[in-house]
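Working notes, structure below.
The values are calculated or read from the model by the stated rules, or taken from the named source; none is laboratory data. Given the structure is predicted, the values throughout are model-derived calculations rather than measurements. Cβ sites come from the backbone with ideal geometry, for glycine too, and all protein chains shown count toward neighbours. Note: areas computed on protein heavy atoms with side chains; ligands, DNA, RNA excluded. Shrake-Rupley method; radii C 1.70, N 1.55, O 1.52, S 1.80 Å.
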Amino acid sequence: MESNFFDAAFIDGPDRVDGKAKVTGAAKFSAEFDLPRLTYGVLVASTIAKGSITALDTKEAEKAPGVLAIITHLNSPKVPGYDAGANPVKGPTGGKGLQVFGDNTIYFNGQPIALVIADTFERAVYGASLVKSQYKKEDHQTNFEEFKNTAAPLEGQRYNDYKRGEGDVYKYAPVKIEAEYFVPIEVHNPMELHATTVVWEGEEKVKVYDKTQGIKSTQRSIMQAFKLPEENVQVITQFVGGGFGSALRTWPHTIAALIGAKKVNKPLKLVLTREQMFTMVGYRPQAIQKIGLGATPDGKLTGITHEAFSHTSYYEEFTEGIVNMSRFMYACPNVLTSYKVIPLNVSTPTWMRGPGEATGAFALESALDELAYALNIDPLELRLRNYAETDPQRNVPYSSKFLKEAYQLGADRIGWKDRNPKPRSMKEGDWMVGYGMGSGVFGASRGTAKASARLNVDGTLLVQSAVSDIGAGTATAMTQVAANVMGIPSKNITFELGDSSLPPGPTQGGSTTTSTLGSAVHDVCVSLQRKLAELVKDNSIFHTTNVHTVKLEDLVFENGHVALASDRTKKISYADVLKQNSLTQLEAIEESKGSEDMRKYAAYSYSVHFVKVLVHPVTGVVKVDRVVMAADAGKIVSEKTAESQLIGGAVGGIGMALMEEGVIDHRYGRWVNNNFADYHVPVHADVPHIETLFVNKPDPILNPIGAKGMGEIALIGFAAAVANAVYHATGKRIRQLPITPDKLI
Ligand code: MOS
């Protein structure tokens, strides 16, 4: 490790570097590129959930004013190498996902069946309203509860159960609990609608402004779909107005926009409607989970059994890590997990906010609370008695684990010890008061990324990488990393992202961006340091009686200067180094990735959520009154944006715990609440002040910046903390999310 990043004091704690652009409207999102000759595409969706299209009447729509083209399965040019997925999926489409306009098969209600293109958005909407479709309808199945016992999995599916020690040991334990938990469909619903603006230059070259979390992965999907070389596909995503996982894949609407723009030979913009955000860009699949926990009377876990049952679509298999946490979170000799998914006539689900791990943590962390009451042991104490000092799944040490410290920080701040642990024992006025906690964990990993850096003669620094920022604050965090390594104030640094022609960065997902890209930014800055050291090695200013040539390790890089470590008054500014060498700039590019050594360790980020709720005994209304979150995410690179991520997780967590539920009318297989009036998400009035705490100790193994990851652990375990607090307040254990008033009265 070549820099002293771990100990670096932050030279300043910048606000979001793109904050001003965002609040003034200067920031351009994917639907905001109003190009000359722009056309507008509107998708028409199926009104049945299963069957086939027998007739499509587009005549009237074609004659409507301004309509330029209508694309359906009857006239769509074939997409030569369709591949919509970053996820290796199975099912009838052979892992290629839904091939938009591929044929007349209907897999779900709301499936895109036509694209109407017009010279204005309004005319495209009107044209779309005139497309008439006829179907051969077949019996659909969207009711998970009803279907789960008879359903067969998709062909070719194999499930591997996990077993450590003996199976189902909990059944014979002196103290045990056994419970079933339900997490409904939840929908990402970022504020920004998914949008794609496509500009073909001829038949073989295309520029795509797309809402995506993975600039390079979207570029690859488009390259594969249209059989184009990398240099002919440019993907631009300068800003993303929230993603939460919905932009982790290249969905059919993006391919539809590419087909449409090519057809009319003009730039085309396609923006999904809020309704279409429920059917075209994934959602969290529902899950039924059964948990059995067994323990000795003094609270040592003897057995964990965790079975999960979830759903996918009929054309793709989607699986995620619902049962994973049960395998490694607690020291327990006997663990059994199983997981199955069955197909329904719905669109394919995808990763959403902490994805399957958040679903699983609701069950596991609720079950731990139930066990704590059964044992009459404090829920926090129960977790400490089963604290894993080494990874129980792989039997290897942790790269770092400071969960105990996080527990302590959080418990002290909320005053955990001061509550009366007895359910229904605390009141404030009319309201019942409850305290609850839940833990979160998510794998900390480091992928491969490239970054470039250019130090200019005026002392400014430009760092670049093809990554998108879904709001996490990546540009700010990367600026901070560069500032710390180079000793340049962040106001003199620009971090440029959002363009696939920049050096390849990681997909923003799975809490990996800071670890992966931050390391590349660190390394490219170290590379600049090395170049500066080479340029100054013979500079007489650094000479002492015995030293005539200086090396990198003799130097420090601070306040825009190269200085002699042993005497920091001997220094020369970066600008002067460049000038003395007749250079206008100094450039470096580095590819950065994890070492083989990482395999010897288990690496995780951890969180703990403490919440205080108020429950109204008459109306059943639950108010989250106080939230304290403490995280072990390694070194905190950018405190303000890290804090924002925890706050965002709490907001999502309040939604998951109390409000969010996607409802389908099974008679039609159609969504009931596909809008913001009926699909409830927290608003400001639902969110109290969120207190955030960081252990802020670097992980010495994972990467040179010591950062683990923050995104997922902000949410994972939160809903359980709320459910546990509701139990403490009311004595009612709610195992079905969301905890709506009807479940409490
Ligand atoms: Mo996330 S669910 O990796 O965007």
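Within the stretch 658-668, not a single residue is within 16 Å of the ligand (Cβ to nearest atom) and under 16 Å from PHE610 (Cα atoms). Considering VAL240, VAL183, VAL187, the condition of being crowded, with 21+ Cβ neighbours inside 10 Å, over 29 Å from GLN289 (Cα atoms) and aliphatic (A, V, I, L, M) is satisfied by VAL240 alone. Taken over the stretch 193-215, residues that are in contact with a Gly (Cβ under 9 Å, 6 or more places away or on another chain) and surrounded by fewer than 20 Cβ atoms within 10 Å (Cβ to Cβ) amount to 1. When you scan the stretch 328-338, do you find a residue that is away from the ligand (no atom under 16 Å from the Cβ), part of a loop (DSSP other than H, G, I, E, B), closer than 18 Å to ASN724 by Cα and open to solvent by 10 Å² or more (accessible area, probe 1.4 Å), even just one? The answer is no, given that none of the residues of the stretch 328-338 is away from the ligand (no atom under 16 Å from the Cβ), part of a loop (DSSP other than H, G, I, E, B), closer than 18 Å to ASN724 by Cα and open to solvent by 10 Å² or more (accessible area, probe 1.4 Å). With the requirement that a residue be among the hydroxyl-bearing types (Ser, Thr, Tyr), assigned to a helix (DSSP H, G or I) and within 16 Å of the ligand (Cβ to nearest atom), what does the stretch 471-518 give you? Hits for the stretch 471-518 are THR474, THR513, THR514, SER515, THR516. Pairing each residue of the stretch 344-366 that is touching a residue at least 60 places away in the same chain (Cβ under 8 Å) and of a type in the set (A, V, I, L, M, F, W, C) with any residue that is part of a loop (DSSP other than H, G, I, E, B) and away from the ligand (no atom under 11 Å from the Cβ), provided the two are 6+ apart or on different chains, yields C-beta distances under 6 Å for LEU344/GLN141; LEU344/THR142; VAL346/PHE108; VAL346/THR142; ALA361/GLY717. Residue count for the stretch 39-52 satisfying the condition of being under 21 Å from THR273 (Cβ atoms) and out of contact with any helix residue (DSSP H, G or I) (no Cβ under 8 Å at 6 or more places or on another chain): 4. Of the residues making up the stretch 371-386, those that are open to solvent by less than 10 Å² (accessible area, probe 1.4 Å) and either among the aliphatic types (A, V, I, L, M) or within 14 Å of the ligand (Cβ to nearest atom) (or both) number 3. Within the span defined as the stretch 659-674, every residue fails to be in contact with a Leu (Cβ under 7 Å, 6 or more places away or on another chain), in contact (Cβ under 8 Å) with a residue 12 or more places away in the chain, open to solvent by less than 10 Å² (accessible area, probe 1.4 Å) and closer than 30 Å to ALA374 by Cα. Residues in the stretch 566-603 that are open to solvent by less than 50 Å² (accessible area, probe 1.4 Å) and modelled with pLDDT under 95 were compared, and the one that is nearest to the chain's Cα centre (by Cα) is GLY594.
Kindly list the number of the only condition in (1) among the aliphatic types (A, V, I, L, M); (2) over 21 Å from LEU693 (Cβ atoms); (3) touching a strand residue (DSSP E or B) at 6+ places or on another chain (Cβ under 7 Å) that fails for ALA406. The single condition ALA406 does not satisfy is (2). Consider the stretch 681-693 and keep the residues that are in contact (Cβ under 8 Å) with a residue 40 or more places away in the chain and out of contact with any Gly (no Cβ under 7 Å at 6 or more places or on another chain). The one that is most open to solvent (accessible area, probe 1.4 Å) is HIS689.
Kindly indicate whether GLY709 is over 29 Å from GLN141 (Cα atoms), of a type outside the set (A, V, I, L, M, F, W, C) and surrounded by 21 or more Cβ atoms within 10 Å (Cβ to Cβ). Yes: the conditions hold for GLY709.
Among the residues of this structure, ALA179 does not count as one that is closer than 22 Å to TYR315 by Cβ and either at pLDDT 95 or above or not hydrophobic (A, V, I, L, M, F, W, C) (or both). The set of residues from the stretch 387-414 being part of a loop (DSSP other than H, G, I, E, B), surrounded by 14 or more Cβ atoms within 10 Å (Cβ to Cβ) and acidic (Asp, Glu) is empty. Residues in the stretch 453-470 that are part of a strand (DSSP E or B) and either open to solvent by less than 10 Å² (accessible area, probe 1.4 Å) or free of Cβ contacts under 8 Å to residues at least 12 places away in the same chain (or both): ALA453, LEU455, LEU461, VAL463, ALA466. Restricting the stretch 281-314 to residues that are in a loop (DSSP other than H, G, I, E, B) and open to solvent by less than 10 Å² (accessible area, probe 1.4 Å), the residue that is farthest from TYR172 (Cα to Cα) is VAL281. Scanning the stretch 344-370 for residues that are open to solvent by less than 10 Å² (accessible area, probe 1.4 Å) and near the ligand (Cβ under 9 Å from one of its atoms) turns up THR350, MET352, GLY354, ALA358. LEU535 meets each of the listed conditions (1) surrounded by fewer than 22 Cβ atoms within 10 Å (Cβ to Cβ); (2) in contact with a helix residue (DSSP H, G or I) (Cβ under 6 Å, 6 or more places away or on another chain); (3) in a loop (DSSP other than H, G, I, E, B); (4) not charged (D, E, K, R) apart from (3).
Selection of the stretch 236-255 for residues being closer than 18 Å to SER465 by Cβ, more than 16 Å from the ligand (Cβ to nearest atom) and among the polar types (S, T, N, Q) yields only GLN238. In the stretch 134-170, the residue that is nearest to TYR339 (Cα to Cα) out of those that are among the aromatic types (Phe, Trp, Tyr) and modelled with pLDDT of 95 or more is TYR162. Between GLY245, GLY214, the distinction of being touching a Pro at 6+ places or on another chain (Cβ under 7 Å) and closer than 21 Å to GLY510 by Cβ belongs to GLY245 only.
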